[in-house]
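Report on the structure given below.
The values are calculated or read from the model by the stated rules, or taken from the named source; none is laboratory data. Everything numeric in this text was worked out from a predicted model, so none of it was measured. Please note: Cβ atoms are built from the backbone with ideal geometry, for glycine as well, and neighbour counts cover all protein chains shown. Note: accessible area is taken over every heavy atom of the protein model, side chains too, but ligands, DNA and RNA are not part of it. Shrake-Rupley method; radii C 1.70, N 1.55, O 1.52, S 1.80 Å.
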Amino acid sequence: MEPSTETNKEEEEQVVTPWEVAGKDGGKIDYDKLIDRFGCQRIDQSLIQRVERLTSLPAHAFLRRGVFFAHRDLTEVLDGYEKGEKFYLYTGRGPSSEALHLGHLIPFMFTKYLQDAFKVPLVIQLTDDEKFLWKNLTIDECQRLARENAKDIIACGFDISKTFIFSDFNYVGGAFYRNMVEVAKRVTYNQAVGIFGFTGEDHIGKVSFPPVQAVPSFPSSFPHLFSGKENLRCLIPCAIDQDPYFRMTRDVAPRIGYHKPALIESLFFPALQGETGKMSASDPNSAIYVTDSAKDIKNKVNRHAFSGGQDSVEKHRQLGANLEVDIPVKYLSFFLEDDAELEHIKEEYGAGRMLTGEVKQRLVQVLTELVERHRAARANVTEEMVDAFMAVRPLPHMFD
Ligand code: TRP
């Protein structure tokens, strides 16, 4: 196996699993440590430039600014692409809530860029089964949420001629199920405990789930798309908390005749209250939702966004803001497109010439625009479009 979290002393300090994200002593996530422990690579400047060369496009802001900061085997995917070998993208969402927050949109916004830039097909898994197993929800409710979330995902602008969205309850079976069983047979219970931290009290539904998230990494799980293309590589954009699933997948892949899936992994989007982990679905004031009104956004940013500014204007003019802990600047660095403006704000705010109120005002504008745009796009997604994206069908133009 690749390195797991199992025997590492540091695990007591910082916890990152698909179900729990917590910094050491309630502090920030140490991403360098995470990279070391998981055994992935940092994305450096030369890799970003290579992506720009190969796509003839400027890199997405998430890539330029280190939001997607780590990878596994991205170099191999690009080597193949350079030689004319295409690949496919795989990402997903666990439908546990009606409304998505901004953190949920990040992987989809980035995946949309990758699809357009590389002109490749994409499969999106809605793990309604996972959420039934982990949350206190009925199967019906999980299936309903999967469809609702599909609308938000479609609203991100995916190309229907290159995109297949599926829910596990509807799609698992056939070739997909055969691959699940091939994977399941090659992961011992002890390995699963080491990777995911299952305990004796966990029900066996949880133990049985990881192969479901693993096998979309293999082209043969989608015979209607990739029949005869069993050698196609897979690239998975995701937040780094999903890494355990794919460590397991990468260990098994070569033993059943597939490439290891490549990964491109993001930081967590911080809560409004400050950078201590992922946003929490249970505290509505910790996040901006795509359903928030302009007024909600304004209130949340003004009241709850943790500021790195000084307590008094006098002190602020003198010392400047602490940009390291400032949430408005963090959020702007995710969502303000203009590099020059972002640099200007950091400089002025850091030097104390700009006040927190001004930075928050700009952030409110940026987020309101983003949310309004999303809402308008989602309102245009019909039930028929959801059916069309989720139809099991060939995609004849997926590599054009
Ligand atoms: N487990 C993920 C979640 O709870 C959903 C998911 C399934 C996923 N397959 C994926 C996320 C692939 C990223 C990449 O949200």
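Can we say residue 72 is more than 14 Å from the chain's Cα centre (by Cα) and either of a type in the set (Ser, Thr, Tyr) or open to solvent by 10 Å² or more (accessible area, probe 1.4 Å) (or both)? Spelling it out, it is not the case that residue 72 is more than 14 Å from the chain's Cα centre (by Cα) and either of a type in the set (Ser, Thr, Tyr) or open to solvent by 10 Å² or more (accessible area, probe 1.4 Å) (or both). Do we find a residue being open to solvent by 10 Å² or more (accessible area, probe 1.4 Å), touching a Ser or Thr at 6+ places or on another chain (Cβ under 8 Å) and within 12 Å of the ligand (Cβ to nearest atom) anywhere in region 121-128? No. Annotation note: Cβ proximity below 6 Å between a residue of region 156-182 that is in contact (Cβ under 8 Å) with a residue 24 or more places away in the chain and a residue that is surrounded by fewer than 14 Cβ atoms within 10 Å (Cβ to Cβ) and part of a loop (DSSP other than H, G, I, E, B) (sequence gap 6+ or interchain) occurs for 161/397. For the criterion of being on the phi > 0 side of the Ramachandran plot, modelled with pLDDT of 95 or more and open to solvent by less than 80 Å² (accessible area, probe 1.4 Å), residue 352 passes.
Is there a residue being over 23 Å from the mean Cα position of the chain (by Cα) and surrounded by fewer than 20 Cβ atoms within 10 Å (Cβ to Cβ) anywhere in region 332-340? For region 332-340, residues over 23 Å from the mean Cα position of the chain (by Cα) and surrounded by fewer than 20 Cβ atoms within 10 Å (Cβ to Cβ): present. Say whether the condition of being more than 27 Å from residue 125 (Cβ to Cβ), at pLDDT 95 or above, β-branched (Val, Ile, Thr) and outside any loop (DSSP other than H, G, I, E, B) is met by at least one residue in region 286-300. Within region 286-300 (the criterion being more than 27 Å from residue 125 (Cβ to Cβ), at pLDDT 95 or above, β-branched (Val, Ile, Thr) and outside any loop (DSSP other than H, G, I, E, B)), the answer is yes, since at least one residue qualifies.
Against the conditions (1) open to solvent by less than 10 Å² (accessible area, probe 1.4 Å); (2) among the aromatic types (Phe, Trp, Tyr); (3) more than 15 Å from the ligand (Cβ to nearest atom), residue 113 satisfies every one except (1). Here residue 106 does not qualify as open to solvent by 10 Å² or more (accessible area, probe 1.4 Å), β-branched (Val, Ile, Thr), at negative phi and in contact with a helix residue (DSSP H, G or I) (Cβ under 8 Å, 6 or more places away or on another chain).
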